[in-house]
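Visitor: Have a look at this one before I ask anything.
The values are calculated or read from the model by the stated rules, or taken from the named source; none is laboratory data. Note that the structure is predicted; figures quoted are calculated from it, not measured. Every residue, glycine as well, gets a Cβ built from its backbone with ideal geometry; the counts of neighbours run over all protein chains shown. Just the protein is used for accessible areas: all its heavy atoms, side chains included, with ligands, DNA and RNA removed. Shrake-Rupley method; radii C 1.70, N 1.55, O 1.52, S 1.80 Å.
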Amino acid sequence: MGDMTTFNIDNGYFEGLVRGYRSGILKRNDYHNLVECETLDDLKLHLQGTDYGPLLANDPSPLIVQTIDERLKERLVHEFTHIRNQCLQPLAEFLDYMTYGYMIDNIILLITGTLRNRPIAELLPRCHPLGQFEELATISIAQSPAELFNAVMVDTPLAPFFSECVQDENDLDEMNIEILRNKLYKAYLEDFYKFCENLGGTTADVMCPILAFEADRRAITITINSFRTDLLKDDIENLYPTCGKLYPEGLKFLKNAEDREEVRRICERFGAYKELYNGVGDGPNDKTLEDKFFEEEVKLLALASSSNTTSVCSTRL
């Protein structure tokens, strides 16, 4: 993305914007005070002293959790869209990549609903706003899985990923929906990784480990979830993203794993995940594997938020 001598030419304004957004994030003391709130209206009262003050100003009492969630999501989308609409390449393409995961989830939601004969108009409000795109209006008129398939293959930014994963609409049955989701994420993560790698510099240094971690997390999760299915070992391996630290040797071991304990032993053989299972268990004070994944993800994103002269500034959103 360039070094300090050229960064401000195209990206200085956006770096300043994101730093401003970051300064408005709730601090540790704010969270301590929120814990003491007994009602959602108490929470609203406390937020008035923060940058989130106007967030709920027009919402009457009593508040509900859904309202707060919607307002937070609206703010996130507004800030993200403001930057995306004004930035130049390659930051613009980087931000587009950030939305593709939400697009995949939205498309899978629409396909699943269509297979269950649910009206598309009923499903659209449940789509994540960061996964919205102009061509969604075309998709919304699809009345069958076949029509939806053709619309996705032609009229969406995800068309290149779909072309790699699905050959025809006959593959779009409910049994294969989760397999399709995993194939799309595999293609997406690998493409995003190559994009960041080609950008080089700090963007590659920070983003490639984040994407590698996500690839490995998906591989481990796919392995564990496959124990209750009839998937063949080779089919499981084909769902693994190949841009993680477990590639290639670790993925070979994972596809042949027979139970959770074997997955644990495989992870402990690799330095990056040797301590992943520390504290994981079924006791009341133990953590779940998902908890440990989340903690590791937070560490990586916190590192990203301390960097500049890179597209990674957008991860602060």
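Visitor: So what is the accessible area of the chain per residue, in Å², with the probe set to 1.4 Å? Walk me through the numbers on the way to the answer.
Guide: Values: 17190 Å² over 317 residues.
Per residue, the chain has an accessible area of 54 Å².
Visitor: How much length, in nm to one decimal, is gained on full extension between K233 and L34, taken as 0.36 nm per residue of separation minus their Cα-Cα distance? Before the final figure, lay out each step's value.
Guide: On the way: separation 199, 0.36 × 199 = 71.64 nm, distance 4.75 nm.
Result for the pair: 66.9 nm of gain on full extension.
Visitor: What percent of all Cα-Cα pairs in the chain falls into each 20 Å bin, going from 0 up to the bin containing the maximum distance?
Guide: 26, 57, 17
Visitor: If contacts are Cα pairs under 8 angstrom and at least 6 residues apart, what is the relative contact order of region 209-272 in percent?
Guide: Details: 58 pairs, mean separation 24.6, N = 64.
It rounds to 38 percent for region 209-272.
Visitor: Along the charge dipole of the chain, pointing to its positive end and built from +1/-1 on Cβ of Lys, Arg, Asp and Glu, which listed residue (A187, I25, N256) has its Cα farthest out?
Guide: Positive-end residue among those listed: I25.
Visitor: Then there is this: State the extension gain, in nm to one decimal, for the chain segment bounded by F7 and K299, taking 0.36 nm per residue of separation less the distance between their alpha-carbons.
Guide: On the way: separation 292, 0.36 × 292 = 105.12 nm, distance 2.54 nm.
Computed gain between F7 and K299 is 102.6 nm.
Visitor: If I compute solvent accessible area with a 1.4 Å probe over the protein chains, what percent of it on the chain is carbon and sulfur?
Guide: On the way: 8590 of 17190 Å².
Exposed carbon and sulfur together represent 50 percent of the surface.
Visitor: Across bins of 5 angstrom width beginning at 0, how are the C-alpha pair distances of region 204-311 distributed, in whole percent?
Guide: Once binned at 5 Å, the Cα pair distances of region 204-311 give 2, 12, 21, 22, 18, 12, 7, 3, 1, 0.
Visitor: Can you give me the three principal axis dimensions of region 17-128 from its C-alpha atoms, in Å, biggest first?
Guide: Per principal axis, max minus min of the Cα coordinates gives 45, 39, 23 Å.
Visitor: With contacts defined as alpha carbon pairs under 8 Å and 6 or more residues apart, what's the relative contact order of the chain in percent? Show your work: numbers first, answer last.
Guide: Details: 304 pairs, mean separation 54.5, N = 317.
RCO, the chain: 17 percent.
Visitor: To continue, here is another question. For a protection proxy built on the mean count of beta-carbon atoms within 10 angstrom, sort 205-217, 89-101 highest first, please. Don't skip to the answer; put the middle values down first.
Guide: On the way: 205-217: 20.8, 89-101: 17.7.
Most protected by this proxy first, the peptides run 205-217, 89-101.
Visitor: Sticking with this structure for a sec: Using unit Cβ charges (K, R positive; D, E negative) and no other charged atoms, how large, in debye to the nearest 20, is the dipole of the chain about its Cα centre?
Guide: On the way: 32 positive and 53 negative charges, 136 e Å.
Value, rounded to 20: 660 debye.
Visitor: Could I ask something else about it? Using just the helices of the chain, give the 222 nm mean residue ellipticity in deg cm²/dmol: DSSP H runs with n ≥ 4 each add -39,500 (n - 2.57), and the total is spread over all residues, rounded to 500.
Guide: On the way: 15 runs with 192 residues, N = 317.
After summing the helix terms and dividing by the residues of the chain, the value is -19000 deg cm²/dmol.
Visitor: Excluding residues fewer than 8 places away in the same chain, name every one of the aspartates and glutamates whose C-alpha is closer than 19 Å to that of K44.
Guide: D30, E36, D59, D69, E70, E74
Visitor: So which lysines can K274 reach, going by Cα to Cα under 22 Å and dropping same-chain residues fewer than 8 places off?
Guide: K245, K252, K255, K287, K292, K299
Visitor: Right, next: I'd like to know which of I177, L289, C37 lies farthest towards the positive end of the charge dipole of the chain, counting +1 on Cβ of Lys and Arg and -1 on Cβ of Asp and Glu.
Guide: Going by the charge dipole, the pick is C37.
Visitor: Only Cα pairs under 8 Å and at least 6 apart count here; give the relative contact order of region 230-302 as a rounded whole percent. All intermediate terms of the calculation are to be shown ahead of the outcome.
Guide: Numbers: 40 pairs, mean separation 12.4, N = 73.
Relative contact order here is 17 percent.
Visitor: Turning to a different aspect of this structure: From the phi of every residue in region 59-64, what ³J(HN,Hα) in whole Hz does the Karplus formula 6.51 cos²θ - 1.76 cosθ + 1.60 yield, where θ is phi - 60° and glycine or proline is x?
Guide: 9, x, 7, x, 6, 10
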